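Notes for the one structure printed next.
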Amino acid sequence: MEMTAKIRYLRMSPRKIRAISDLIRGMDADNAKKQLQFLSKRGAPSVAKLLDSAISNAKNNFSKSEGNLYIKKISVDNGPAHKRFRPTGRGHAAPIKRRTSHVTIVLDERSSEIKQEKTENKKEKKVSA
């Protein structure tokens with residue numbers, strides 16, 4: 001069962017938000033939260049808020065636990081651009097586009113077997129190192 005959350009008309013360029021979304025794609029929800037908390041990008045708090053909303057949707061609407069959730073899909077689409085003008089020399093004007101973004105996050109639940117295998121693999125790597 002997929003759980004979704006959306007933020008629309010975010011007043012940041014999609015290119016900048018995609019850099020953040022690429023970082024957390026495929027991560028466990030709790031690990032992604034920690035990454036976003038310490039990320040020094042301006043859009044990180046907005047994406048973190050969206051992730052919290054998706055986790056809350058999963059808990060309240062589908063009775064899922066946060067420990068098994070992971071980010072199945074995160075997409076950033078272009079929203080409408082606000083067109084502005086900056087005055088330049090000799091009475092001319094230069095156009096400015098203030099871009100907006102639509103961000104969609106889809107969470108899914110990992111089975112407990114896959115989660116166990118991941119933790120076992122991590123333990124094996126630590127022991128072999």
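Laboratory data are not the source of any read-out in this text; all were calculated from the coordinates shown. What you see is a predicted model, and the numbers here were worked out from it, not measured in a lab. FYI the Cβ positions are ideal-geometry reconstructions off the backbone, even for glycines, and counts take in every protein chain you see.
Computed values, structure above
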quantity: Helix 29-38 axis, angle to the chain major axis (alpha carbon atoms, nearest 10°); calculated: 50 degrees
quantity: Under the Karplus curve 6.51 cos²θ - 1.76 cosθ + 1.60, θ = phi - 60°, whole-Hz ³J(HN,Hα) for segment 40-48, x wherever Gly or Pro sits; calculated: 9, 10, 5, x, 4, x, 5, 5, 5
quantity: Amide H contacts of M27 (H built 1.01 Å from N, under 5 Å, at least 5 apart or other chain); calculated: I71
quantity: Segment 92-104 - phi-based ³J(HN,Hα) in whole Hz, Karplus 6.51/-1.76/1.60, Gly and Pro as x; calculated: 8, 9, 9, x, 10, 10, 9, 7, 10, 10, 10, 10, 10
quantity: Answer label for Rg and Dmax of the Cα atoms in Å (calculated), chosen among (i) 19.2, 71; (ii) 14.5, 44; (iii) 23.1, 69; calculated: (i)
quantity: Spatial separation of Cα centroids for segment 58-83 and segment 5-40, in angstrom; calculated: 10 Å
quantity: Calculated from backbone phi, Karplus (6.51, -1.76, 1.60) coupling profile of segment 4-18 in Hz, x at Gly/Pro; calculated: 10, 8, 10, 10, 10, 6, 5, 7, 9, 5, x, 4, 6, 6, 5
quantity: All lysines inside 20 Å of K126 as judged from Cα atoms, apart from same-chain residues fewer than 8 positions distant; calculated: K115, K118
quantity: Entries of K49/K73; K41/K64; K6/K72; K73/K125; K33/K73 with Cα pairs more than 18 Å apart; calculated: K41/K64; K73/K125
quantity: Net charge, D108 excluded, C-beta distance under 9 Å - Lys, Arg +1, Asp, Glu -1; calculated: +1
quantity: Nonlocal amide H pairs with K64, under 5 Å, H built at 1.01 Å; calculated: K59
quantity: Amide H partners (placed H, <5 Å) of G79, local residues excluded; calculated: T100, S101, H102
quantity: Positive-pole candidate from I96, L36, I24, dipole of segment 1-105, charges at beta carbon; calculated: I96
quantity: Chain lengthening between N31 and S75 when straightened (0.36 nm per residue, less Cα-Cα); calculated: 14.0 nm
